[in-house]
Amino acid sequence: MSQRNDRERLALAVMDLIETGQRRIARKLDLTRLRILATVADQGPLRPRELATALGLTASAVSRHLAVLEDAGEVTVTPDPADARTFLVAATKAGRRALTAATEAGTAAFVSVVAGWTDAQVAEALRGVNRLNEVWAEHHRRTDAPAPVLNRSARRRS
């Protein structure tokens, strides 16, 4: 029974970490917009429906975020030569800089939180989080749910 309780406590701790992190980050950044920008920078140019599918978002949500990103000069929108009914979205240099700045700021904040950890504690946490991400992605593949999307820099560092 204690194993089940430990698993439940782990689930609650992870959910709390995610919720707290999102709440604090959302005060400064729109995480959905950042995910869209990261996906376009990594995989673009993309059609809006491809973005919606990749990120598990509605078409209208993608459209709203793309309008803001385009107004900010972080993405460009060009007609799709293969389909005149839609368009392609690509990240601009300004968008890539904004993405890099957000990633660096988030990384710096996290590093300051774990600054007092030993190398062994960091390595143990990294192994655990990587394993959790692998199992979570496999669960999503088995259940046909959209898998979490990692940006290029996160995949490169793992």
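Every number in this text was worked out from the coordinates using simple rules, so none of it is lab data. This one's a predicted model, so the numbers in the text were calculated from it and none came from an experiment. As a convention, Cβ positions derive from the backbone with ideal geometry for all residues, glycine included, and neighbour counts pool all protein chains shown.
Between helix 2-26 and the chain there is an angle of about 40 degrees, using the helix long axis and the longest principal axis of the Cα atoms. A simple spin-label model places pseudo-atoms 7 Å from Cα toward Cβ; at L12 and A101 they are separated by 4.0 nm. Rounded to 0.05, the FRET efficiency of the T78 and A115 pair, given R0 = 30 Å and the Cβ-Cβ distance, is 0.10. Summing Lys and Arg as +1 and Asp and Glu as -1 over all other residues whose Cβ lies under 13 Å from the Cβ of D83 gives a net charge of +1. Within the shell defined by Cβ-Cβ distances under 13 Å, the residues around A52 carry a net charge of +3, with Lys and Arg each +1 and Asp and Glu each -1.
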